[in-house]
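What follows is a set of notes on a single structure, which appears directly below.
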Amino acid sequence: MTALAILAALSPLAGPAAAIADARARLAGIAQAAGAAIALGCSLALLVMLDGRAPLFAWDGFLYVDSLGGFFLMTVAGVTLLAAVGSIGYIAAQEDSGELGRFQVRLYFTFFGLFASLMLAALETGNLGLLFVLVEASTLASAALVGLEGRARSLEAAWKYVIISSLGVTIALAGTLFLFYSGSALHLGSNLGLTWPYLLAHATALAPQALRLAFLLAVVGYGTKVGLAPMHTWLPDAHAEAPSPASAMLSAALLNTGMYAIIRFLAIAQARLGHTYPRAVLLSFGFASIVIGALFMVRRGNFKRLFAYSSVEHMGIIAVALGFGGVLGLYGALLQTLNHALAKAVLFLSSGDVSLRYQTREAAQVSGLLAAVPVTGGALLLASFAVLGSPPFGLFLSELTIVRAGFASASPVFPLLLLALLGLAFVAFARSTAGMVTGRPPGRLASPYRDRAAVAVTAAPLVLGLAALLVLGLWVPAGLDTILRHSVAVIGL
Amino acid sequence: MENLAATSTAGVLLALSGVLILLLAFACLASKLFNRYVAYYGAQSVVLSFAAATAAVAFHSAELWILAALTLAVKGIAIPVAARRLLVRRLALKRDAAMSTGLSTSLIAGGALTAFAYLVIRPALLPHGTVAAAVVPLSTAVILLGSLSMVVRRHTVAQLIGWLIVENGVFLGAITLVATFPFIVEAGIFLDIVAGVLIMVVFVSGLTRQLAEASAAELRELRG
């Protein structure tokens with residue numbers, strides 16, 4: 001099992017290896033996709049082997065995988081696979097058109113694989129200090145992706161991203177320190193004492209005041225990476241300026257990794273402080289994010305910014321679900337994480353195809369997508385519906401679960417407010433995307449791809465992601481249901 | 001670590017270093033020259049490595065000795081030298097004009113933040129009479145002052161120094177709160193800082209070059 005976990009974290013490095021060996025975009029992309037597929041296979045195998053048994057624990061807890069970690073591993077590895085397959089066509093087309101130089105292509109695949117590998121490693125460690133180190137390192141790797149195109153705007157977005165996220169994660173480190181300090185009574189002398197399972201098992205011995213501060217700092221710090229308002233300001237710029245497959249990685253993998261860190265802190269805080277305080281913190285940040293996300297979606301403009309604000313909104317929904325708590329709330333939050341990751345990956349990958357064909361990122365300049373490029377247009381339309389939570393897609397099911405959890409736990413004001421905000425977000429988002437998909441295309445569009453194979457490989461992740469979303473909307477497969485139940489049990493009620 | 005009495009020699013030295021680190025953060029907040037930012041940051045890191053060495057003596061910890069040496073080498077020497085060569089000198093940076101408030105305003109805000117740090121941390125969190133109770137409010141104040149200088153200053157190099165000061169504040173808190181941080185983690189944090197500085201230097205130089213080209217283009221257009 002140890003070998004499997006290590007292989008899962010290291011296999012995305014196939015892309016960087018190919019890039020360093022000076023492979024062209026297509027070959028490096030294929031290597032990257034193969035690495036991601038191995039990572040996904042390993043994480044699925046880990047989940048099957050875990051299935052309710054004792055978690056994997058090695059090297060004093062530096063390596064620790066339980067059902068919750070396995071679930072996030074699967075999500076991130078799945079997104080990495082979709083984005084890597086999407087990269088093959090996208091980056092090759094950019095290389096052919098000369099928009100990306102040889103060096104930039106190598107840079108892209110080097111940091112793409114490094115980024116994925118660091119995130120997977122972060123999900124596999126039980127040591128909360130190492131978690132910080134890996135999350136911060138993944139920030140730096142992804143900053144290079146954001147600034148890849150090297151124009152003033154993308155460099156500025158990358159700067160904003162790296163400086164705000166680094167400051168945020170440093171605050172999370174301060175939170176981690178206070179968590180360790182709250183355990184002074186335990187005499188945490190060894191490496192073992194700084195691991196999540198140990199701290200959770202001994203939660204009753206933690207000092208409540210220091211723990212309170214630790215939880216708040218962790219939510220603010222890791223919340224900066226998640227994009228919870230008001231720490232979200234880097235997010236729209238970074239998502240808009242990064243190459244589209246990298247935006248998919250940011251939105252569908254990086255944000256989830258941040259949320260995973262918050263969930264680990266939440267579990268410890270709940271075990272010692274009860275529900276009131278963590279709930280108040282998560283509901284405030286969650287609702288703030290939903291409001292900010294929905295309001296900023298009203299403005300029409302760059303469609304990648306629109307999707308980015310939708311990510312802010314969805315991370316808010318997940319935080320609110322965690323705040324509602326209970327089996328329903330936690331189950332809904334995790335299911336929402338998976339669904340949102342799939343839908344957002346499809347949206348950003350199709351936005352990459354759109355921006356290649358239309359040579360613009362402005363929603364107002366795109367029309368007639370369904371007529372011009374049926375596959376991408378259809379994927380964009382369906383994924384938009386999915387991300388807005390309409391049936392028969394997965395997000396409908398998870399959002400329904402979250403609203404039910406709200407009625408079951410807190411006062412009915414919160415779930416009603418949530419429903420109202422979801423309605424606002426629906427109108428704001430659909431207003432922009434409907435205009436892109438319908439209407440008449442502006443003349444004949446030249447295909448940016450070299451051959452039919454490149455077109456097919458660009459369409460593949462869109463179809464795959466949508467199929468998975470559809471399945472998750474119709475029913476939650478028994479295996480996934482078991483994984484989710486085990487993960488909820490790991491967090492504790 | 002948290003049981004070290006504030007009145008012991010090591011405790012007094014740690015508290016003294018904490019005060020010096022806070023003063024240097026204030027000095028950085030009060031200055032307007034890029035050279036000074038880097039110099040104050042370097043001095044702060046040297047004091048920090050002295051604090052780590054003090055803790056190493058008090059606890060007979062070999063790992064803390066290594067950390068003190070790393071702090072001196074990386075934060076006290078390597079980063080300031082690199083910042084001076086690669087940023088200040090190469091980009092010909094002198095006076096920092098891009099501030100959103102005046103110096104006096106930001107100093108008053110810094111004083112308020114220091115008082116706030118004492119109000120929040122002092123009373124309930126830490127037992128009275130320990131060195132942690134003396135130093136942790138100081139380190140919190142340093143974190144807040146670093147953040148403040150990132151907010152007040154718009155120039156990228158100034159923001160980078162602000163982040164490094166925040167990092168120093170966290171490190172000061174770390175050696176007084178939990179001396180038993182695993183070494184791998186500490187080493188990883190160092191690696192992150194170095195990688196962070198490198199990647200930020202790349203962005204800063206790229207941005208500065210882009211801005212210079214942009215303003216040159218404006219000049220050409222205006223020539224008329």
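The values are calculated or read from the model by the stated rules, or taken from the named source; none is laboratory data. Note that this is a predicted model, so its numbers are computed, not measured. A quick note on method: Cβ atoms are made from the backbone with ideal geometry, for glycine too, and the neighbour counts reach across all protein chains shown. Surface areas here come from the heavy atoms of the whole protein model, side chains and all, with no ligands, DNA or RNA. Shrake-Rupley method; radii C 1.70, N 1.55, O 1.52, S 1.80 Å.
Provide a list, ordered by number, of residues in the stretch B:192-212 showing at least 50 Å² less accessible area with every protein chain present than when their chain is taken on its own, using a 1.4 Å probe.
B:192, B:199, B:200, B:203, B:207, B:210
So what is the calculated 222 nm ellipticity per residue for chain A, using -39500 (n - 2.57) for each DSSP H run with n of 4 or more, over all residues, to the nearest 500 deg cm²/dmol?
Result for chain A: -25500 deg cm²/dmol, rounded to the nearest 500.
Label the stretch A:155-204 by shape, choosing from rounded, prolate and oblate, from the square roots a ≥ b ≥ c of the eigenvalues of the Cα gyration tensor; if a/c is under 1.5 it is rounded, and otherwise prolate applies when a/b is larger than b/c, oblate when it is not. Don't skip to the answer; put the middle values down first.
Values: a/c = 3.86, a/b = 3.42, b/c = 1.13.
Prolate.
Are there any residues in the stretch A:97-145 with a reduction of at least 30 Å² in accessible surface when going from the isolated chain to the assembly of protein chains? Probe 1.4 Å, please list them by number.
Residues passing the criterion (a loss of at least 30 Å², heavy atoms only) are A:133, A:136, A:140.
Which of A:116, A:158, A:1 sits farthest toward the positive end of the charge dipole of chain A, with +1 on the Cβ of Lys and Arg and -1 on the Cβ of Asp and Glu?
Of the listed residues, the answer is A:158.
Under a crude label model (7 Å from the Cα following the beta-carbon direction), how far is residue B:69 from residue B:105 in nanometres?
Between residue B:69 and residue B:105, the simple spin-label model gives 4.8 nm.
For Cα pairs less than 8 Å apart in space and 6+ apart in sequence, what is the mean separation divided by the residue count of chain A, i.e. the relative contact order in percent? Let's see the in-between values first.
Values: 920 pairs, mean separation 79.5, N = 493.
Value for chain A: 16 percent.
From the square roots a ≥ b ≥ c of the eigenvalues of the alpha-carbon gyration tensor of the stretch A:331-390, which class results: rounded (a/c under 1.5), prolate (a/b over b/c), or oblate?
Values: a/c = 2.78, a/b = 2.27, b/c = 1.22.
Since a/c reaches 1.5 and a/b is larger than b/c, the shape of the stretch A:331-390 is classed as prolate.
Any idea how far the Cα center of the stretch B:132-189 sits from the one of the stretch A:341-382, in Å?
Here the two parts' Cα centres lie 43 Å apart.
Could you sort A:149, A:362, B:167 by accessible area so the largest value comes first, with the probe set to 1.4 Å?
Values: A:149 30, A:362 75, B:167 10 Å².
Largest accessible area first, the residues go A:362, A:149, B:167.
How many angstrom lie between the C-alpha centres of the stretch A:383-423 and the stretch B:11-73?
51 Å
How far is the Cα center of the stretch A:47-81 from the Cα center of the stretch A:146-204, in Å?
20 Å
Separation between the residue B:92 and residue A:450 pseudo-spin-labels, each 7 Å from Cα along Cα→Cβ, expressed in nm?
Here the modelled spin labels are 4.4 nm apart.
Near residue A:219, within a Cβ-to-Cβ distance under 13 Å, what is the net charge of the other residues, with Lys and Arg +1 and Asp and Glu -1?
+4
Would you please give the FRET efficiency between residue B:119 and residue B:78, computed as 1/(1 + (r/R0)^6) with r the Cβ-Cβ distance and R0 = 35 Å, to the nearest 0.05? Don't skip to the end; give the middle numbers.
Values: r = 37 Å, r/R0 = 1.04.
So the FRET efficiency works out to roughly 0.45.
Sum up the charges of everything whose Cβ sits under 14 Å from the Cβ of residue A:31, counting Lys and Arg as +1 and Asp and Glu as -1, but leave residue A:31 out. If you can, show how the numbers build up before the last one.
Details: positive: A:24, A:26, A:106; negative: A:22.
For residues surrounding residue A:31, the net value is +2.
Want the number for residue A:467 to residue A:59: 0.36 nm per residue separation, take away the alpha-carbon distance, what's left? If you can, show how the numbers build up before the last one.
On the way: separation 408, 0.36 × 408 = 146.88 nm, distance 3.93 nm.
Residue separation times 0.36 nm, minus the Cα-Cα distance, leaves 143.0 nm.
Quick one: grab the alpha carbon gyration tensor of the stretch B:1-132, order the square roots of its eigenvalues as a ≥ b ≥ c, and give me rounded if a/c is under 1.5, else prolate or oblate depending on whether a/b is larger than b/c.
On the way: a/c = 3.49, a/b = 1.35, b/c = 2.58.
Verdict is oblate for the stretch B:1-132.
Rank A:186, A:148 by accessible area, highest first, at a 1.4 Å probe radius? Let's see the in-between values first.
Details: A:186 35, A:148 10 Å².
Correct descending sequence by accessible area is A:186, A:148.
In whole percent, how big is the carbon plus sulfur part of the accessible area of chain A, probe 1.4 Å, protein atoms only? Intermediate values should be presented prior to the final figure.
Numbers: 10440 of 15300 Å².
Solvent-exposed carbon and sulfur of chain A make up 68 percent of the total.
Taking the Cα centre of chain A as origin, work out the dipole magnitude from +1 charges on Lys and Arg Cβ and -1 charges on Asp and Glu Cβ, in debye rounded to 20. Don't skip to the end; give the middle numbers.
Details: 27 positive and 19 negative charges, 154 e Å.
So the dipole magnitude of chain A works out to roughly 740 debye.
Quick one: Karplus J couplings for the stretch A:196-206, per residue in order, coefficients 6.51, -1.76, 1.60, θ = phi - 60°, nearest Hz, x for Gly and Pro?
With the stated coefficients, the stretch A:196-206 comes to 4, x, 5, 5, 5, 5, 10, 4, 5, 8, 7 Hz.
Would you mind working out the magnitude of the charge dipole of the stretch A:252-332 relative to its Cα centre, with +1 at each Lys and Arg C-beta and -1 at each Asp and Glu C-beta, to the nearest 20 Debye?
On the way: 7 positive and 1 negative charges, 39 e Å.
Approximately 180 debye in magnitude.
Contour minus end-to-end for residue A:7 and residue A:440, with contour as 0.36 nm per residue of separation and end-to-end as the Cα-Cα distance? Don't skip to the answer; put the middle values down first.
Values: separation 433, 0.36 × 433 = 155.88 nm, distance 4.84 nm.
Value of the extension gain: 151.0 nm.
When chain B is modelled as a GNM with alpha-carbon springs shorter than 10 Å, which of B:175, B:77, B:108 fluctuates the most?
Result for chain B, Cα springs under 10 Å: B:108 fluctuates most.
From the residues B:19, A:147, A:88, which one has its Cα farthest along the dipole of the protein assembly as shown in the positive direction, the dipole being from +1 and -1 charges on Cβ of Lys/Arg and Asp/Glu about the Cα centre?
A:147
Give me the net charge for the shell around residue B:150: Cβ to Cβ below 14 angstrom, other residues only, Lys and Arg +1, Asp and Glu -1. Spell out each step's value before the answer.
Numbers: positive: A:160, B:153, B:154; negative: B:96, B:167.
Here the count lands on +1.
What total accessible area, in Å², is buried where chains A and B meet, using a 1.4 Å probe and rounding to the nearest 100?
Details: alone 16910 and 11330 Å², together 24990 Å².
Heavy-atom accessible area buried at this interface is about 3200 Å².
Separation between the residue B:35 and residue A:481 pseudo-spin-labels, each 7 Å from Cα along Cα→Cβ, expressed in nm?
Placing both labels 7 Å along Cα→Cβ, they lie 7.3 nm apart.
So, with +1 on the Cβ of K and R and -1 on the Cβ of D and E, and no other charges, what is the size of the charge dipole of chain B about its Cα centre, to the nearest 20 debye? Please report the intermediate quantities before stating the final value.
Values: 15 positive and 9 negative charges, 194 e Å.
Using only the charged Cβ atoms, the result is roughly 940 debye.
Anyone know which of B:80, B:182, B:137 comes out most mobile in the 10 Å Cα GNM of chain B?
Greatest mean-square fluctuation among the candidates belongs to B:182.
Return the subset of A:304/B:75; A:225/A:344; A:225/A:304; A:304/B:94; A:160/A:344 for which the Cα-Cα distance in this structure is over 28 Å, preserving the input order. Don't skip to the end; give the middle numbers.
Working: A:304/B:75 39 Å; A:225/A:344 17 Å; A:225/A:304 18 Å; A:304/B:94 38 Å; A:160/A:344 22 Å.
Going by Cα-Cα distance, A:304/B:75; A:304/B:94 fall outside the 28 Å limit.
I'd like the FRET efficiency for residue A:365 and residue A:276, computed as 1/(1 + (r/R0)^6) with the beta carbon distance as r and R0 of 56 Å, rounded to 0.05.
0.70
Would you work out which of B:68, B:33, B:117 lies farthest towards the positive end of the dipole of chain B, given +1 charges on the beta-carbon of Lys and Arg and -1 on that of Asp and Glu, about the Cα centre?
Of the options given, the answer is B:33.
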